[in-house]
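Notes follow the structure.
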Amino acid sequence: MKPPRITSTYLILDVMKGRKKLAKYLAASGGAGLPVIIHATLTDEFGKDDGDSIEFNANVTRVEVAA
């Protein structure tokens, strides 16, 4: 089966290593944020269709800073 084309505008990322440094960096960024590339495998539905979107669980395999 061919994978579907998908779009998204929102993600929650559970940060473990480096979480405190990241929090300080983002607080000092003045809202500029930190561009990253997230590699993950979508595994299953987290929520149900609310008419606009469905949330999905994902296993993150790598996060890269996209300087």
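The values are calculated or read from the model by the stated rules, or taken from the named source; none is laboratory data. Here the structure is a predicted model, which is why all the values come from computation and not from measurement. Quick reminder, even Gly has a Cβ in these numbers, built from the backbone with ideal geometry, and neighbours come from all protein chains shown.
Observations on the model:
- Any chance Thr7 is free of Cβ contacts under 8 Å to residues at least 60 places away in the same chain and surrounded by 10 or more Cβ atoms within 10 Å (Cβ to Cβ): no
- Some residue of segment 12-24 being part of a strand (DSSP E or B) and basic (Lys, Arg): no
- Whichever residue in segment 46-67 is within 23 Å of Leu22 (Cα to Cα) and surrounded by fewer than 10 Cβ atoms within 10 Å (Cβ to Cβ) and, among such residues, is farthest from the chain's Cα centre (by Cα): Ala67
- Residue check, Thr7 in contact with a strand residue (DSSP E or B) (Cβ under 9 Å, 6 or more places away or on another chain), at pLDDT 95 or above, not aromatic (Phe, Trp, Tyr) and not in a helix (DSSP H, G or I): no
- Per-region count, segment 22-45, residues hydroxyl-bearing (Ser, Thr, Tyr) and either in contact with a helix residue (DSSP H, G or I) (Cβ under 6 Å, 6 or more places away or on another chain) or surrounded by fewer than 10 Cβ atoms within 10 Å (Cβ to Cβ) (or both): 1
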